[in-house]
Structures are given as structure tokens and as C-alpha cells.
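The values are calculated or read from the model by the stated rules, or taken from the named source; none is laboratory data. Remember, it's a predicted structure, so these values are computed and weren't measured experimentally. FYI the Cβ positions are ideal-geometry reconstructions off the backbone, even for glycines, and counts take in every protein chain you see. To get the accessible areas, we keep the full protein, side chains included, count just its heavy atoms, and leave off ligands, DNA and RNA. Shrake-Rupley method; radii C 1.70, N 1.55, O 1.52, S 1.80 Å.
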Amino acid sequence: MNRVLGGLAAYLLLGVAALTVLLPVYYVLVGAFMGPGDLAVYPPAVVPHHLTTGNFAAAARAVPLARQYLNSVLVAGVITAAQLLTSVLAAYALVFLPLRGRGAVFGVFLATLMVPWEAVIIPNYLTVSDWGLANSYFGLVLPFLASGFGTFMLRQSFRQFPAELRDAARIDGAGHWRFLWRILVPLNKPSLAAIAIYVFLSAWNQYFWPLIITRTPQMQTVQIGLTSLSYADAADPGLILAGVLLSLLPTLALVVLGQRFIVRGLTAGAVR
């Protein structure tokens, strides 16, 4: 009996926690299609009485939301692809190439993870501005083309690769490039997918760097556009909820569709 009561209490607690997390998401979803009458009532309407899509069109008129959405997709996509490429090459060199002092080099990679972003944002801003890349796509992506996190994760994953398969590939005449792209990378897809999802979400949710490096609304990202939207039409929360829903769609899709890759990728290399 005690075990049954303990199980019921655990499920009840998990249900309350799930409702706490999902209720704001649900309200954003339904609130984006609510009219001003439903959003203005107290207590807030849980089920909309009149559905409308006018909030999305009004939000697009208030700020260049479509252009900012495209900017976010482009910037996050370029950062993700660049970090995957640099992380793969760096991790391969740290594991399979006979480099002197690669332990020290790997220590430097780990040290970069311990430096807070706030400590390097001013040097990055001054550098990008001096190069004339402010208010450009290059300025938005340049400080994030490489990362120690991806190198660390892939190094741990590559170290699990059987040495026998590497020797067999070498005997068959596979060089470094062929072994890397034809054998090693396909066998480490879960780790690559987990890193790609993590990097894309981090780049998509950036706010401070795009805010200080851009000058015009046409070059800003969707996260800044949402802030501008709240100032442009603060009396109409439907516009804000419509913009928030648009910004949530990629993150929700990645988390739902890539959850198993995240778990498998982050646990790869945990036990050797």
C-alpha cells in the first residue's frame, strides 16, 4: 500500500510540474489566435471564443518580422554548420593525429569553456567594429564559428571508436580525409546531431550580441524584433504572443524531433 501511495504521489507531483511547464506554452499557442476581447478579460480566457490570424499580419506590419525571422534562420544555420565543421576537424586532430602536446592543446579548449561570454564581448565588439563588419551577417556569426564545447564532445565520442577499425581502414588504403568523412562521421551521427541541436538553439536565442552589433531593424534577429514589438504595440498582447509563437516553433520542433539524439549524443563517451 505504501508503495502504491508513493507512486501516486510521484505521478501527482510530476503532473503538477508538467502543467507548470506546459501551461505558458499552451497560452502562447492559443493566445496568438485570440482577439483583443479574449485577451482583455479577467481572469484570462483559457479557450478562445473567436479565432483570428490577424495578430500575425499585424505583427509583421509593426516590425520587419519576416526579415528578422529569416536573419535568425540564416545566422543560426551558418553558426551550426561552422561549429560542426571546426569541431569535427579539431576533435579528429586531437584523437587520431600524432601531435605533440595535444593534451595541453585540449586543456586550452577546455579553458575557453570556463571564460564567461561577458568577459570577451567587448573585445569581440571592438574587433568586429574595427574590421567594418558591424551591422552585417559576418559580424553576427564571426565570434561563434568555433567552439570548445563541440570539440570536447566529439573528442570524447571519437575516443570510443575501435582502434581495430581504424587499423583496418588504414590497411585498405583509407587516408585521413576518407576515414574521417566516410567512416568516422557517419558512425558518430548521434553526437553530431546533439551538438547541432544545442548550437542551433543557442544561436537562435541570442539577444545581446545581435542587439549591440546591428544598427537597423532589417539586420536584427527575431529575438530583438520581439522586444521591439512589445514597445511598438504594448496595448495589444496578441501581437506579442504571435511573435513569440513564431520564435518558439523551431525550438519546439528541434527538441521534440531530436530528443533521442540529444540523449544519445550527450551520453556518448561518458563511459569508456
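Answer yes or no: is there a residue in the range 84-103 that is closer than 22 Å to residue 249 by Cβ and either open to solvent by 50 Å² or more (accessible area, probe 1.4 Å) or touching a Cys at 6+ places or on another chain (Cβ under 7 Å) (or both). No, the range 84-103 contains no residue that is closer than 22 Å to residue 249 by Cβ and either open to solvent by 50 Å² or more (accessible area, probe 1.4 Å) or touching a Cys at 6+ places or on another chain (Cβ under 7 Å) (or both). Of the set (1) over 19 Å from residue 247 (Cβ atoms); (2) in contact with a Ser or Thr (Cβ under 6 Å, 6 or more places away or on another chain), all apply to residue 63 but (1). Please determine whether any residue of the range 184-191 is among the basic types (Lys, Arg) and within 17 Å of residue 113 (Cβ to Cβ). No, the conditions are met nowhere in the range 184-191.
Residues in the range 194-240 that are open to solvent by 30 Å² or more (accessible area, probe 1.4 Å) and among the hydrophobic types (A, V, I, L, M, F, W, C): 200, 201, 208, 211, 212, 232, 234, 235, 240.
Highlighted here are the helices (runs of 4 or more DSSP H) found entirely within the range 21-115 that include at least 2 residues which are within 29 Å of residue 229 (Cβ to Cβ) and over 26 Å from the mean Cα position of the chain (by Cα): 36-40, 54-62. Residue 74 meets each of the listed conditions (1) open to solvent by less than 50 Å² (accessible area, probe 1.4 Å); (2) in contact (Cβ under 8 Å) with a residue 24 or more places away in the chain apart from (1). Scanning the range 34-47 for residues that are closer than 16 Å to residue 236 by Cα and without any contact (Cβ under 8 Å) to a residue 40 or more places away in the chain turns up 37, 38, 40, 41, 42, 44, 45. Cβ separations smaller than 8 Å between residues 6+ apart or across chains give the following pairs from the range 78-105 residues that are among the aromatic types (Phe, Trp, Tyr) to residues that are surrounded by fewer than 15 Cβ atoms within 10 Å (Cβ to Cβ): 92/176; 96/176. Scanning the range 161-182 turns up no residue that is under 22 Å from the mean Cα position of the chain (by Cα), of a type outside the set (Gly, Ala, Ser) and either within 30 Å of residue 221 (Cα to Cα) or surrounded by 14 or more Cβ atoms within 10 Å (Cβ to Cβ) (or both).
Filtering the range 104-136 to residues that are touching a Phe, Trp or Tyr at 6+ places or on another chain (Cβ under 9 Å), hydrophobic (A, V, I, L, M, F, W, C) and closer than 21 Å to residue 216 by Cβ leaves 121, 128, 131, 134.
Going by what's in this entry, would residue 109 be described as touching a Gly at 6+ places or on another chain (Cβ under 8 Å), open to solvent by less than 80 Å² (accessible area, probe 1.4 Å), aromatic (Phe, Trp, Tyr) and touching a residue at least 40 places away in the same chain (Cβ under 8 Å)?
Working: touching a Gly at 6+ places or on another chain (Cβ under 8 Å): yes; open to solvent by less than 80 Å² (accessible area, probe 1.4 Å): yes; aromatic (Phe, Trp, Tyr): yes; touching a residue at least 40 places away in the same chain (Cβ under 8 Å): yes.
Here the answer is yes, as residue 109 does meet what is asked.
The condition (being touching a Gly at 6+ places or on another chain (Cβ under 7 Å) and closer than 26 Å to residue 247 by Cβ) is satisfied by just one residue among 23, 19, 39: 39.
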